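Shown next, in structure tokens, is the structure this report addresses.
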Amino acid sequence: MAASPPLRWREGGTGRRALRGTRWPVGSADTVAHMQRQESAESRWCAVQAPSCEWVRKDVKPAWSGATEKKKISHPLRTMAAFQLLFPLWASCVAAAAHPSPHIAPCQVVQMDVFCSDLSLRSAPRDLPQGVQMLDLSRNQVQNLSLETLGFHTGLHQLNLHSNKIHFIQPGLFKDLKDLRVLDLSRNHLNVFALSKISVGPLAAVESLDLSSNGLYTGMSDYFLAESPSLANLSLDSNSITKIAQNTFSGSSSLRKISLHNNVILEIENGAFDSLDHLTELDLSKNSITCIIDFNLYNLEVLNLSKNSIEFFQSVKSDNSFKLRSLDLSENKMLYFPLLPEKNVLEFLNVSRNHIQTLNTTGRVLNLTNLGDLKYLDMSYNKLKSLPEVFFSNMESLEVLNVSNNCISSFSVTSKDILHKVKVINLSHNSLQSLTFGENSLHSLKKLFLQGNDLTVLDQQIFQRLPSIKYLQLQQNNLQICNSEQNQHGLMLKDQNHQDPIGCVSFSSVYNLHFLYLSENNLRTIPAKAFVKTPLKLLDLSLNPGLDMHQDSLCGLEDSLVHLLLRENNMSSLNTDLTSLKSLKHVDLSTNQLNTLPTWNKDSAIESLNLQNNNLVTLDQSTVLALERSLKTLYMGSNPLSCCDNLGFLHMVQHSTIVVPDIETVTCVHEESPEPVNIEKLTREMCHQPDAPNYTAVVVITLLVVIILLALLVKCFRSRRRKRRRGFHA
């Protein structure tokens, strides 16, 4: 595999300045151990370690040694000097004991795994249990990596040191870690160590090594890979490597996966990967590679070359079979379709976001490479103007085709043998003027994306020819819908004159269609029974200003429709009967001119209703009560509601479990308030209405008075009658 000539890398600059400005103990292990013993001895100067103690300790030693080198001083003076030096030390230690430093959280130990990440440690704690197999020291302050740093734990299987400040590694350190399998050294300063040109090996048992984000440039990785016979997974992501030399991986012949993402690779020498017989995955994305010529990695299964500057990709001409299954060439500068191996098992091919204008290879010859195993093909965001049907003749297994955002003006599939397994076709945002599907073609197609094409005229029965279609996106076109009578008339014309009627598209009798998007189509009317015998679950008719819906336009969707979207249609009323839609749960009527609520009854199943940005003033009380039974979410903001004419709605909002996400924008107009009143602040007392219960009380009191008076009259009458009788007897 070859590429453009290398860019000459001039070593120096930052690297040399870093080397001059820093003194690292690059020497024998005894030297390092001596320095660490000296550091540990100094740390025992005070029983309680504190910043103040350490500060005094550093100042005491030179002052004390300086005093011994001076001329002899009298005994009292020496005593006084010693007291002056030792008293601050004693005082600081007492202060440290009284105010101990913040306690560092202990490491977490789970069986033989120890987690010490993000504890500001410079080395592993010394009280760890013996037999540790996994040690996580990530996100700490480790600078020098030695056996003492690791607490002399030599039985480690996994070691995680990412996000530290490591710039020195004890030579021969990993020779003692014979069981180490996984080593993560990412996000450190290993470029400083690599300047010493000392190998860290051997890494005899290491199988996975992460050296990403270490500032390594060309040649520096050799000091980590020279003696890694068991290494299988290698990450060199986010470094500054410009060239892959022929011997870069010569000491790591067992590599299976290499990631070189986000480097500055300009050149790959011939034979750089030839010695890696086990290599199956190679990531060279986000580099500066300009071309790939004579690609010959027969055993490679996954190759990522995205985000480079590749203008041409060509495989070597060979009778040998390639094992390549996935090839990503997206975000490059290719003008032609890549020249792929003749014998391949490619399943995934991504050439999106290139400059491809034709499917020819280099000239006038159409690329008809055998891609019988290909399942996913992405050619989106290119400059394709045509897509010949014959191009897919050797793609018997293709399931997903994405050619969106091109300049394609026509697309046709007439043969039942072409794309017979395809499930998804994305033709969105092209310049389609012609779309043709033959009888019995595309019988596995389930999703079709046609939005953003300005389609005006289609074969009236085009979607009835897709027996498995479930998902159809047609927004941002200029289509009109046929009613069921036109559908039948069209079928009759077709039988008699063998011509399809033009001017509208039929959506009835599409027996498996569940999702239909028709927004932004300049639809004028939705005729009666437009979707009969089509079991739609979602229907989007939004953004069609002036849309007029027939009363029976949704006839046939009674048992299937769940989502209905009618936003931004400038409708003043909704003539369509929604009460018959038993399965309807989500309705969007926002940004219209509605002044009355659609009618719903007690059998309504509506759970979500959006009525934002309309002209609703008074809400019908019976409809509000019907909705309250099932409604869960209600959007009602930006409507000129009347405060005192919607007390039923007020009660529903304030006392039910219905969620109103835009409650802050739900206001009403009150005659005594110059500004709209938020619905949450409205109370019944603010509405001075005649109180019906007071009239009832007056009537009751009046009746009671009349009854009492009548009782008194009766009593008086009886009393006089008794007196008369007594007078008569006398």
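Below are the figures for this structure:
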quantity	calculated
Within region 526-557, backbone nitrogen closer than 15 Å to the virtual label 7 Å beyond the Cα of Ser509 toward Cβ	529-535
Part-to-part distance (alpha-carbon centres) for region 509-577 and region 221-263, which is given in Å	59 Å
Global geometry of region 348-431, whether rounded, prolate or oblate, following the gyration tensor of its Cα atoms and the 1.5 cut on a/c	rounded
Student exercise, region 585-699 dipole from Lys, Arg, Asp, Glu Cβ charges, in Debye to nearest 20	380 debye
Size-normalised alpha-carbon gyration radius of region 536-640, reference 2.2 N^0.38 Å	0.98
Share, in percent, of DSSP beta bridges within region 216-334 that are antiparallel, nearest 5	0 percent
Label-to-label distance, nm, for residues given as Leu119 and Val302 (7 Å Cα→Cβ offset)	3.4 nm
Gain on full stretching of the segment that runs from Thr618 to Asp603 - 0.36 nm per residue minus C-alpha separation	3.2 nm
Flagged links, alpha-carbon separation over 19 Å, of Lys421/Lys447; Lys470/Lys537; Lys529/Lys582; Lys529/Lys602	Lys529/Lys602
Projected label distance in nm at Met686 and Gln141, using a 7 Å step from Cα toward the beta-carbon	5.9 nm
Two-decimal log10 I(q)/I(0) for region 529-595, as the Debye equation yields it once each C-alpha is a single scatterer, q = 0.13, 0.23 Å⁻¹	-0.32, -1.01
Note, ³J(HN,Hα) from phi for region 118-130, Karplus 6.51, -1.76, 1.60, rounded to Hz, x at Gly and Pro	6, 10, 6, 7, 9, 7, 6, x, 7, 9, 6, x, 6
Amide H within-cut-off set for Val505, under 5 Å, with H built and near neighbours excluded	Gln480, Ile481, Cys482
Radius 9 Å from Cβ of Ser519, net charge of other residues (Lys, Arg +1; Asp, Glu -1)	-2
Mean Cβ neighbour count within 10 Å, used as a protection proxy, ranking 174-180, 655-661 highest first	174-180, 655-661
Efficiency of FRET from Cβ geometry, Asp294 and Asn247, R₀ 30 Å, rounded to 0.05	0.90
Extension gain from Arg256 to Lys197, taking 0.36 nm per residue of separation minus the Cα-Cα distance	18.6 nm
For peptides 410-422, 218-230, sequence by mean Cβ density within 10 Å, most packed first	218-230, 410-422
For region 290-445, share of DSSP beta bridges that run antiparallel, in % to the nearest 5	5 percent
Cα pair distances of region 290-445 binned at 10 Å [whole percent]	11, 41, 36, 11, 1
Förster-model FRET efficiency, 22 Å R0, Asp548 and Gln593, C-beta, rounded to 0.05	0.95
Cα-projected label distance for Ser410 with Leu713, points at 7 Å along beta-carbon direction, nm	10.2 nm
For region 585-699, the fraction of alpha-carbon pairs in successive 10 Å shells from zero, as %	13, 46, 29, 10, 2
Overall form of region 605-644 per C-alpha gyration tensor (a/c, 1.5; a/b vs b/c)	oblate
Protection-proxy order for peptides 578-586, 186-194, 237-245, each taking the mean of Cβ atoms within 10 Å per residue, highest first	186-194, 237-245, 578-586
FRET efficiency, Phe391 to Ser208 (Cβ-Cβ, R0 41 Å, nearest 0.05)	0.45
Chain lengthening between Arg629 and Asp559 when straightened (0.36 nm per residue, less Cα-Cα)	23.2 nm
Rounded to 5, the percent of DSSP beta bridges in region 585-699 classed as antiparallel	20 percent
Furthest towards positive pole of dipole, Cys668, Leu625, Pro640, structure part region 585-699, Cβ charges	Leu625
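Read-outs: derived from the displayed coordinates by stated rules, not from any lab. For clarity, every value in this text was computed on a predicted model and none was experimentally measured. Virtual Cβ from ideal backbone geometry, glycine too; neighbours counted across all protein chains shown.
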